[in-house]
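This report refers to the structure that appears directly beneath it.
No lab work stands behind these numbers, since they all come straight from the coordinates. These figures come from a predicted structure and were not determined experimentally. Positions of Cβ are backbone-derived with ideal geometry, glycine not excepted, and every protein chain shown enters the neighbour counts.
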Amino acid sequence: MSKILLENLKLKNFKGIWELNIDFSKLTDILGDNGTGKTTVFDAFTYLLFDKDSQDRKDFEIKTLDENNNVIHGLEHEVTGTLNIDGRSTVLSKIYKEKWTKKRGEADKQLTGHETLYYIDEVPVKKSEFQERINDIIDEQLFKLLSNPLYFSSNMKWQDRRNLIIDIIGDVSQDRILNYKSSLKGLEILLKDKDVDTLKKSIAAKKKKLNDDIKAIPIRIDECNNSIKDLDFGALEVRKQGIITQIQSVEEQLLDSSKINDELLKEKDRLYSLKSKLRDIEYKAREDAELPLKQLRAELNQALDEENSLNNQLARITYKIQPKETQITDLEKEIIDLREKWNRINQETLVIPEDSFICPTCKRPFEEHDVEDKKHEMTENFNLNKAKKLSEINDTGKKQKGRLEGIKAELKSLAAEKTSIETKLAEVREVVVERKVLVDKFEPVINLGSYPEHRKIKNQIEELETKHAQPAEANAQLNELKGKKSALQNELHEVNSQLTYKEQNEKFKARVIELEEEEKALAQQIAEIEGQEFMCEEYIKTKVELLESSINSKFKFVSFKLFDTQVNGGLVETCEALINGVPFSNANTASQINAGLDIINALSEHYSVSAPIFIDNRESVNEILECNSQIINLIVSEDKKLKVESKESEVA
C-alpha cells in the first residue's frame, strides 16, 4: 500500500497567518480557540495541492487583511509542504504574489494582476509540471475522499457515492442471483440475452397487450350473439314445404285447366284450405311437444357458460398459488439459516492474537496498563460488532418472518377461493352432464288426439279427394291460378331468404365457441406472464439483499442502503450511509466522523493508498475508529494562539 504522510507545513502571509511552521507526526493535535486558524492549516494544505480550500472552493481569499478587512498589498503569500511518499520526502512550494507595473508617463506603479510561482524540492517549475507531479502522487478526487471524513457523505452526489461503492465490491452476477433462490430458476432462459429491467419492460408490454386482447373478446362475443337471427327455422322449413306443395297444386290445376270446371276449382280451393289448416295443426302439435326440449337446451347453455367462467377463474387462482408455495419454502429455509447463523455468531468468543500487545513500530511489549486498556478496547469492539451482527440478523429474520406470514395468509385466502370455485365447478358439471343426457334422450310425443279438429279436417280432405268433377275451361279461372302461383313463388323466395340465416347463425355460434376458447387461453397466458413478473420482482429484491450484504461486510461502523422501496412496492436506486440504522445526515458529529473514518479505511484498502486525514471538531468525539492513516486533529480549545501537540516523536 502506498503511504502519503505530511511531515511539515509552512505558511507565510496566508489567510491572516503571518508565519507558521508545523512539524507533523503520525498523530498531531492542532488546538486553538475559534478564529485562531485551525481550518486555515487544512485550507493551506489543499491549496498547495489543488488550488482549492478544504471546502472544495476555488475562489477563496488567501491574502492577509488589515484590521479594516482591507488587503495588505505587496506581500508574498506562501505555502510550503514536505510530503513523505513511501519513505521518500518531496518539498512542494507555491507562492502567490502581486504584479505591479509602471506605465509610461505615470509616476506610480499600478497593480495589474497576480502570478503564482511553483517549486518542487526548491527548484522552480512550470504550473503544468507542478500539477503533473501532484497527479503522480494522488488523484485529486481520491485525496478528498481519503483526507476528509465528511467528504464522501456530505459533498458527493448519491449517484457518485453509489458508483464508488459498487466499484469497491463489484456488482452481483446474474448467475449468483439466480442460484441464490430456487424460485428464480425460471428466469434463466428469459434472461439469456437481456437484463432484468429490459425483461420487465417486455413483460409489461406483453401483459398490456394480453389484457387489451382479453377485454375485447366479450365485445366480439356480444357482436356475434347480436348478429344471430332469432328465427324458428323448423317452422320455416314446414312453411316452405307447404308453399312448394301449394305451387305444385296450382301447377297441376294449370295443366288440367281445360278440364276444370267452376265446381272443381271451388272444391280444390277448399281442399287446399283444409290441407293448410291440417298442416298448421300438425306444426302446432309438434311445437308444443318440443317445448320441454327448448327449455333443456337453454339450461344446458347457461350451465356451459358458467362452467367456462369457473374454469377460467380456477386457472388464474392455480397460477397465483404456485409461486406463493415456492416463496414459502424459500422463506422458511432462509429463516432456519438465519437462526443457525445467529446461534453460531452468538457462540463466538474473542480470540486475541499473541502479537496484539507489541508495538508495531518499535516492537516493544506494551506496558501492563496499556495491555489492559487494549484488551478492554478489543473486547468492547468485539462485543459491539457481535451485537451489531446479531441485531442485523434479528431484523432480517423479523422482516422475512413478516413476509412469510403475509404470503401464508395470501395462500390461505387463495386456497379457500380455489376450494370454493372447485365446489361450484363440480356442481355445475353435474348439471351439464344431467342436461346433456336429457337433451340426447329427448323424444317429442306428438298428441294429435288433443286437437279434435284434426280428425274432422282429415275426413273432409279424404271426402274431397274422392270426388271427381269435370273441369270447364274458363279464362278468368286460369288467370286467377297464374296470379296465385306468382304470389306463392314470391312467398317462397321470402322464406328461402330467411332460411339463409340458418347457416350464418351456425357460423356465428362456432365463432363464439372459438372466442371463448381464445379467452381461456389468454387468461392462462396472463397468469403465466404475472408469474414471470413476480419472479422479476423477486430477482431485484434478491439482488438488493446480496448487494447490501456484500457492501456492509466491508465496513465495521457503517452500513449502506442502496435501494428505497416505493409505495407501490417498486425499488429505486439510492446510496445512503447508515449508522446503527440512522441516516448519516441525522447522526451526531461523533458518529459522522467515525462513519467517515470507516469509509476512508475501506477506500484506502481498496485503492492501496493512505493520505493525511484532517478531523475538524475533533473535540466532539471521545474515541475514534482505529485508522492506519496519518491523523491531524483540529480541536477547539481555550488557547488564544494555535498550539501543536504531537502524539509520537516522528511521522511513522
Legend entry - Residues listed by number, region 290-320, amide nitrogen under 20 Å from Val445 label point at 7 Å toward C-beta: 290-297
Legend entry - Among 594-606, 520-532, the order from most to least packed when residues are scored by Cβ within 10 Å on average: 594-606, 520-532
Inset, instruction - Of the listed values (i) 77, 67, 55; (ii) 114, 67, 52; (iii) 156, 84, 41, grab the one calculated as Cα extents along the principal axes in Å from the structure here. - result: (iii)
Legend entry - Cα→Cβ-extended label distance, 7 Å offset, between Asn8 and Asp212, nm: 7.8
Inset, instruction - With a Förster radius of 22 Å, plug the Cβ-Cβ distance of Arg220 and Gln504 into 1/(1 + (r/R0)^6) and report the FRET value to the nearest 0.05. - result: 0.85
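Report the net charge of residues surrounding Glu427, where surrounding means a beta-carbon distance below 12 angstrom and charges are Lys +1, Arg +1, Asp -1, Glu -1.
Its environment carries a net charge of -3.
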Inset, instruction - Determine which aspartates and glutamates satisfy two conditions relative to Lys399: a Cα distance under 19 Å, and not lying fewer than 8 residues away in the same chain. - result: Glu325, Asp330, Glu332, Glu334, Asp337, Glu340, Glu410, Glu537, Glu538, Glu545, Glu548, Asp564
Legend entry - Mean Cα-pair separation over length for the chain, i.e. relative contact order, pairs under 8 Å, 6 or more apart, %: 29
Legend entry - Entries in Lys541/Lys561; Lys201/Lys398; Lys374/Lys643 that, when Cα-Cα distance is taken, lie over 21 Å: Lys201/Lys398; Lys374/Lys643
Legend entry - Segment Leu111-Lys647, extension gain: residue separation times 0.36 nm, minus the distance between their alpha carbons: 188.4 nm
Legend entry - Approximate spin-label separation Thr349-Ser227, in nm, with each point projected 7 Å along Cα-to-Cβ: 8.6
Legend entry - region 102-181-region 376-422 distance, computed between alpha-carbon centres (Å): 44
Legend entry - Estimated [θ] at 222 nm from DSSP helical runs (n ≥ 4, -39500 (n - 2.57)) normalised by residues in the chain, nearest 500: -21000 deg cm²/dmol
Legend entry - Potential lengthening between Glu67 and Asn479 on full extension [0.36 nm per residue; Cα-Cα distance subtracted]: 134.5 nm
Inset, instruction - Quickly work out the Arg57-to-Ser585 label distance, labels modelled 7 Å from Cα along the C-beta direction, and quote it in nm with one decimal. - result: 2.2
Legend entry - Inter-centroid distance (Cα atoms) of region 479-548 relative to region 568-645, Å: 70
Legend entry - Distance-filtered residues of region 279-321 - backbone nitrogen under 12 Å, label point 7 angstrom along Glu410 Cα→Cβ: 320-321
Legend entry - Estimated dipole of region 257-372 in Debye, rounded to 20 [Cβ of Lys and Arg +1, of Asp and Glu -1, Cα centre]: 1660
Inset, instruction - Give me the lysines in straight-line cross-link reach of Lys52: C-alpha distance below 22 Å, same-chain residues under 8 apart excluded. - result: Lys10, Lys12, Lys15, Lys38, Lys63, Lys94, Lys97, Lys99, Lys126, Lys127, Lys144, Lys157
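Hey, what did region 553-631 get for relative contact order, percent, Cα under 8 Å, at least 6 apart?
26
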Inset, instruction - Count charges around Cys224 for me, please; just the other residues with Cβ under 11 Å from its Cβ, Lys/Arg as +1, Asp/Glu as -1. - result: 0
Inset, instruction - For Lys294, list the aspartates and glutamates whose Cα falls under 19 Å from its own Cα; do not include residues on the same chain fewer than 8 positions away. - result: Asp230, Asp232, Glu237, Glu282, Asp305, Glu306, Glu434, Asp440, Glu443, Glu506
Legend entry - Computed FRET value (nearest 0.05) for Tyr283 with Asn496, which takes r as the C-beta separation and R₀ as 25 Å: 0.85
Inset, instruction - Report the extension gain between Glu528 and Lys103 in nm, rounded to one decimal, defined as 0.36 nm multiplied by the number of residues separating them, less their alpha carbon distance. - result: 144.3 nm
Inset, instruction - Find which of Ile446, Gly581, Tyr607 sits farthest along the positive direction of the dipole of the chain, computed with +1 on the beta-carbon of Lys and Arg, -1 on that of Asp and Glu, about the Cα centre. - result: Ile446
Inset, instruction - Within the set of other residues whose C-beta is less than 11 Å from the C-beta of Pro612, count the net charge using Lys and Arg as +1 and Asp and Glu as -1. - result: +1
